[in-house]
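Structure first, then comments.
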Amino acid sequence: MRITLDDVEYRYQVNTPFEHLALHDVNISMEQGTYTAIIGHTGSGKSTLLQHLNALLKPTKGRVFIGDRTIEAGRKEKALRPIRQKVGIVFQFPEHQLFDETVEKDICFGPMNFGVSENDAKQLARKAIAQVGLSEEILVKSPFDLSGGQMRRVAIAGVLAMEPEVLVLDEPTAGLDPRGRKEIMDMFYELHKREGISTILVTHSMEDAAKYADDIIIMHQGTVFKKGTPQEIFSDPEQLLELGLDVPDTVRFQLKLQKELGVRFDHPCLNIGDLAIEIDKAMKRGNR
Amino acid sequence: MRKKLVSLSNIIFKYEGQSRNALDDVSFDIHQGEWLAIVGHNGSGKSTLAKLLNGLQFANSGTITINDQRLTEESVWDVRRKIGMVFQNPDNQFVGTTVQDDVAFGLENAGVSQQVMVERVHGALNKVKMNAFLNQEPHHLSGGQKQRVAIAGVIALQPDIIILDEATSMLDPRGREEVLETVRELKQENEITVISITHDLEEAAKADRMIVMNQGRLYREGTPQDIFELEEELIALGLDIPFSVKLTKELQKNGVHVVDGHLTEEELVKDLCELHSMM
Amino acid sequence: MLDKMIIGRYVPANSLLHRMDPRAKLLLVFLFVCVVFLANNFVSYGLLAVFTILLISVSKIPLRYLYNGLKPIFFLIVFTFLLHILFTKEGELLFEYGWFAIYKGGLIQGLFISIRFTLLILVTSLLTLTTTPISITDGMEELLGPLKKWKMPVHELALMMSIALRFIPTLMEETEKIMKAQTARGVDFSSGPIKERVKSIVPLLVPLFVSSFKRAEELATAMESRGYRGGEGRTKYRQLNWKTSDSLLMVSLGLLTVMLVLLRS
């Protein structure tokens with residue numbers, strides 16, 4: 001399923017003294033089956049943008065196309081549930097939304113809201129719990145008796161059980177330790193590859209964006225600053241650093257080394273292996 | 001060798017209703033003026049350690065001595081004046097309705113006179129560069145700003161030690177840098193001892209000394225150089241290693257003869273430049 | 001409708017009334033509520049109205065804002081007015097149509113009650129419009145201070161109030177976040193049959209309770225580590241200071257009371 005934003009603007013609290021413009025002139029498109037990363041500072045508008053992806057917010061100007069539906073500014077929208085089923089959002093600290101007596105009931109909650117029968121929902125719960133790498137024994141436990149990492153996974157399973165076509169992830173690894181972070185990110189990537197789920201990752205981490213995404217969208221001051229493939233985005237790292245944004249470790253290192261050595265590699269290195277090879281080449285060329 | 005400020009010996013601690021010891025025979029010293037990073041995966045016991053140091057929990061056995069004073073239920077209030085803590089969640093430690101009220105909270109508890117309080121509140125906020133936000137309410141501040149206010153609340157009490165209990169883990173990269181920079185400056189100006197409990201290995205790489213915790217036990221103690229030599233072992237513990245160490249290994253694999261032990265990118269760049277000029 | 005209510009809202013400005021000691025303002029409201037009941041004729045109600053208008057003019061609160069804030073309460077005022085007209089059958093008969101009759105006594109009673117009601121709301125709103133909630137708390141703590149002798153936990157109450165005030169915006173944000181997360185899981189909070197909507201409260205309330213308890217626990221730990229051990233031996237950062245203008249306000253209120261007593265008929 002494809003999601004397109006056409007000239008989208010969003011203002012909070014219109015017609016009050018607190019009115020403020022959070023998004024403007026946003027034109028982006030996320031194709032079926034791709035992995036897109038949305039990057040920006042806190043306050044760059046990326047959280048507001050995220051809420052347009054399943055019609056939690058309606059634009060105050062412009063249009064959002066979600067699959068075959070159109071959400072248009074100023075129009076009353078009915079029956080938004082099918083959209084919410086197709087576009088699942090894993091919010092930041094998703095474990096905060098757990099509420100039911102057992103893990104199983106909590107995971108079944110989403111699917112059952114979308115009209116899935118209890119038996120089918122239980123089936124989905126078993127599948128989802130396996131997808132997030134937990135054992136089925138956990139299904140009968142109370143979600144509040146689990147460890148932090150397990151709660152996070154259960155909450156994610158609750159979204160996966162809705163069988164969304166598009167999965168939106170808002171800083172899914174915040175607060176986890178390095179191992180937890182890697183495991184969760186790899187799990188989403190695996191799902192994306194294996195099941196062809198379109199994935200949209202909202203993150204601060206340039207590392208993750210460079211590692212997993214096909215396309216990167218950089219948000220700055222409420223609008224799209226730059227979009228493209230990781231290679232395109234990081235081919236001009238100085239520009240990103242000027243905005244106060246990070247670049248991946250490899251790119252930052254490459255930049256420092258290029259400056260000191262007075263050479264230029266022909267492309268930005270996005271992983272450590274590639275960087276080592278390029279450095280090796282540069283060393284061999286030596287001072288000639 | 002610097003003066004011993006804190007010493008823990010044979011600490012054992014178990015949470016009620018749990019079968020495993022959260023801390024299992026842990027002993028180490030903290031020296032005056034050092035930056036000590038305590039690392040470990042979630043549940044390794046590192047945060048329990050912080051709670052024990054502040055007398056928020058008491059060990060089942062073993063002793064903690066701070067400045068030659070043994071930490072007991074009687075001495076705990078004295079100890080808390082010497083050790084300030086900054087916690088993980090910026091929201092859940094902001095007590096005051098405004099920035100200045102929050103900084104004053106600890107001073108009020110200590111019974112400091114109003115005039116001195118005003119001075120100290122302003123002084124502390126100056127140091128963390130939050131003096132422009134005196135009357136701001138917490139929900140208008142970013143996470144990094146809230147943590148800086150928390151730090152101001154701690155230094156207003158002029159403690160000997162600051163404990164950062166995963167104080168940057170809920171912040172964005174910019175907030176994280178803001179907070180660490182603030183602590184670095186403070187440490188430089190005031191000879192303060194910093195204990196940072198973290199799983200940010202880049203931050204730990206800049207510490208004077210590191211302690212690695214694993215399953216309630218002290219796994220290794222040493223300088224960042226020593227610790228990051230462990231590489232694979234660290235990764236097996238659920239931790240990570242700094243970028244420059246990873247790249248060094250990768251370069252060596254490719255036959256570039258850089259030496260081990262570069263903890264910062266600058267050092268590695270320098271090494272590479274020297275190599276390059278010799279080619 | 002809630003966002004239109006002005007009671008309980010603070011409008012930042014630097015007026016005479018804003019700068020006054022919260023204790024003076026609290027006393028003013030308390031005493032005003034009492035003396036309003038002394039008025040019983042047009043002249044004394046007129047006097048009260050003049051006093052209120054004077055207060056409004058020194059508060060620098062825009063009139064339009066006050067008027068908008070009163071709107072939601074108009075219904076109540078009109079309702080009490082009509083009740084009095086319908087059910088107070090005293091004095092001269094002014095108008096009659098079938099069972100419907102208006103008496104002079106009823107009309108006057110209705111008018112008086114409406115005026116009293118309006119003035120009370122205006123003066124109370126002025127307190128909260130010109131005083132931050134935390135100043136009100138401080139003022140209360142000071143005024144109730146003498147009760148500590150009788151073991152009233154005045155400090156604890158004030159601290160509870162101020163922490164509650166501090167966390168209201170945080171909890172509002174939290175509520176919104178959880179609502180959004182559950183909406184994304186297919187909950188519909190805004191439409192559908194009542195039974196469904198009541199049921200949808202559970203996935204909102206449970207997480208909110210869980211997180212509030214967690215917050216409370218962490219806050220208690222943080223407070224303890226910052227040396228909080230009750231009100232004993234604590235000093236106060238915020239100092240109230242009673243100025244001449246505060247005394248003058250009290251004097252003017254005294255004069256008002258005397259005049260109201262003299263004007264009683």
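The values are calculated or read from the model by the stated rules, or taken from the named source; none is laboratory data. What you see is a predicted model; the values in this text were computed from it and never measured. Please note: Cβ atoms are built from the backbone with ideal geometry, for glycine as well, and neighbour counts cover all protein chains shown. The accessibility values were calculated without ligands, DNA or RNA, using every heavy atom of the protein model including side chains. Shrake-Rupley method; radii C 1.70, N 1.55, O 1.52, S 1.80 Å.
Straightening the chain between residue C:50 and residue C:16 buys 10.5 nm, computed as 0.36 nm per residue apart minus the Cα-Cα spacing. The magnitude of the dipole of the protein assembly as shown, with charges of +1 and -1 set on the Cβ of Lys/Arg and Asp/Glu and taken from the Cα centre, is near 3040 debye. How much FRET efficiency would the formula 1/(1 + (r/R0)^6) give for residue B:232 and residue B:15, where r is the Cβ-Cβ distance and R0 is 51 Å, rounded to 0.05? Once rounded, the FRET efficiency stands at 0.95. Taking a straight Cα-Cα cut-off under 28 Å and skipping sequence neighbours fewer than 8 places away in the same chain, the lysines within cross-link reach of residue B:82 are B:3, B:4, B:14, B:46, B:51, B:127, B:129, B:146, B:187, B:206, C:214, C:236. For region B:5-47, the list of trypsin sites (Lys or Arg not before Pro) that fall in a loop by DSSP and count at most 11 other C-beta atoms within 10 angstrom reads B:20.
Applied to region C:209-220, the Karplus parametrisation 6.51 cos²θ - 1.76 cosθ + 1.60 on θ = phi - 60° returns per-residue 3J(HN,Hα) values of 5, 4, 6, 5, 5, 5, 4, 4, 5, 5, 5, 4 Hz, with x for Gly and Pro. At an R0 of 60 angstrom, the distance between the Cβ atoms of residue B:254 and residue C:149 translates into a FRET efficiency of 0.15.
For the segment A:88-100, counting C-beta atoms of other chains within 10 Å of every residue's C-beta and taking the mean gives 5.
For C:227-240, what's the mean count of beta carbons from other chains sitting within 10 Å of each residue's beta carbon? Kindly include the intermediate steps, with their values, before the conclusion.
Working: counts 12, 7, 4, 1, 2, 1, 4, 7, 11, 4, 14, 9, 4, 0.
Whole-number average of other-chain Cβ neighbours for C:227-240 is 6.
Roughly how many nanometres apart are two label points built 7 Å out from the Cα toward the Cβ at residue C:196 and residue C:257? Once both label points are built, they end up 5.9 nm from each other.
Its alpha carbons considered, region C:1-116 gives a radius of gyration followed by a Dmax of 17.6, 56 Å. Taking the Cα centre of region B:4-241 as origin and assigning +1 to Lys and Arg Cβ atoms and -1 to Asp and Glu Cβ atoms, the resulting dipole is close to 460 debye.
Both numbers refer to the Cα atoms of region C:147-225; Rg and Dmax are 17.5, 55 Å. Taking every alpha-carbon pair in region A:90-147 and binning the separations at 10 Å intervals from zero gives 24, 57, 19, 0 percent.
With +1 on each Lys and Arg Cβ and -1 on each Asp and Glu Cβ, how big is the dipole of chain C about its Cα centre, in debye rounded to the nearest 20? Intermediate results must be reported in sequence, preceding the final value.
On the way: 30 positive and 19 negative charges, 75 e Å.
Around 360 debye, computed over chain C.
Only protein heavy atoms count here; under a 1.4 Å probe, residue C:92 has an accessible surface of about 110 Å². Reported value for region B:150-279: 136 Å³ per residue, from the convex hull of its C-alpha atoms.
Each peptide in B:24-31, B:169-176, C:189-196, A:246-253 gets a packing score, the mean of other Cβ atoms within 10 Å over its residues, and the list from highest to lowest is A:246-253, B:169-176, B:24-31, C:189-196.
Here r is the Cβ-Cβ distance between residue B:221 and residue B:74 and R0 is 35 Å; the resulting FRET efficiency, rounded to 0.05, is 0.70. Label reach from residue C:242 (point 7 Å along Cα→C-beta): in region C:127-156, amide nitrogens under 13 Å belong to C:142-146.
Placing a label point 7 Å from the Cα of residue A:68 along the Cα-to-Cβ direction, the residues of region A:1-36 with a backbone N closer than 14 Å are A:1-2. Less than 18 Å from a label point 7 Å out along the Cα-to-Cβ axis of residue B:191: which backbone N atoms in region B:1-28 qualify, by residue? Of the residues in region B:1-28, B:1-6 have backbone N under 18 Å from the label point off residue B:191. Binning all Cα-Cα separations of region A:3-247 at 5 Å, short to long from zero, yields these whole-percent fractions: 1, 6, 14, 17, 18, 16, 13, 9, 5, 1, 0. Binning the C-alpha pair distances of region C:89-167 at 5 Å intervals from 0 yields a P(r) profile of 3, 13, 13, 12, 10, 9, 8, 6, 7, 8, 8, 4, 0 %, listed from the shortest bin outward. Considering only B:106, A:168, A:85, and ranking their Cα positions along the charge dipole of the protein assembly as shown that arises from unit charges at the beta-carbon of Lys, Arg, Asp and Glu, the one farthest toward the positive end is B:106.
Of all chymotrypsin sites (Phe, Trp or Tyr not before Pro) in region C:98-184, which ones are in loop regions per DSSP and have a Cβ with at most 12 other Cβ atoms within 10 Å? Qualifying residues, ordered by number: C:99.
How big is chain C by the Kirkwood estimate over distinct Cα pairs, in Å? Roughly 22.5 Å, rounded to one decimal.
In chain B, the portion of solvent-accessible area held by carbon and sulfur atoms comes to 44 percent [1.4 Å probe, whole percent, DNA, RNA and ligands not counted].
Taking the Cβ of residue B:119 as the center, what net charge do the other residues with Cβ under 15 Å away carry, scoring Lys and Arg +1 and Asp and Glu -1?
Working: positive: B:120, B:127; negative: B:108.
Spelling it out: positives minus negatives among the neighbours equals +1.
Taking a temperature of 10 °C and a viscosity of 1.306 mPa s, what whole-number D in µm²/s does Stokes-Einstein yield for region B:1-83 with Rh from Kirkwood over alpha carbon pairs? Mind showing how you got there, number by number?
Values: Rh = 13.3 Å.
It diffuses with D of about 119 µm²/s by this estimate.
Here the 3J(HN,Hα) profile of region B:27-41, calculated from phi with Karplus coefficients 6.51, -1.76 and 1.60 at θ = phi - 60°, is 9, 6, 10, 10, 9, 4, x, 8, 10, 10, 9, 10, 10, x, 6 Hz, Gly and Pro shown as x. Rounded, prolate or oblate: which one fits chain B, using the alpha carbon gyration tensor with axes a ≥ b ≥ c (rounded when a/c is under 1.5, else prolate when a/b beats b/c, else oblate)? Because a/c hits 1.5 or more and a/b fails to exceed b/c, chain B counts as oblate. In region B:140-279, a dipole from Cβ-located charges (positive for Lys and Arg, negative for Asp and Glu) runs towards its positive end, and of B:263, B:167, B:241 it is B:167 whose Cα lies farthest in that direction.
I need the fraction of alpha carbon pairs in the protein assembly as shown separated by more than 46 Å, rounded to a whole percent. Taking all Cα-Cα pairs of the protein assembly as shown, the fraction more than 46 Å apart is 37 percent.
Using θ = phi - 60° in the Karplus curve 6.51 cos²θ - 1.76 cosθ + 1.60, the 3J(HN,Hα) couplings for region C:241-248 round to 9, 7, 9, 4, 4, 5, 4, 4 Hz; x is entered for Gly and Pro. Taking amide H as placed 1.01 Å from N in the peptide plane, residue A:225 has its amide H under 5 Å from the amide H of A:218, A:219, A:220, each at least 5 places away in sequence or on another chain.
The spacing between region A:26-45 and region A:230-257, judged by their C-alpha centroids, is 18 Å.
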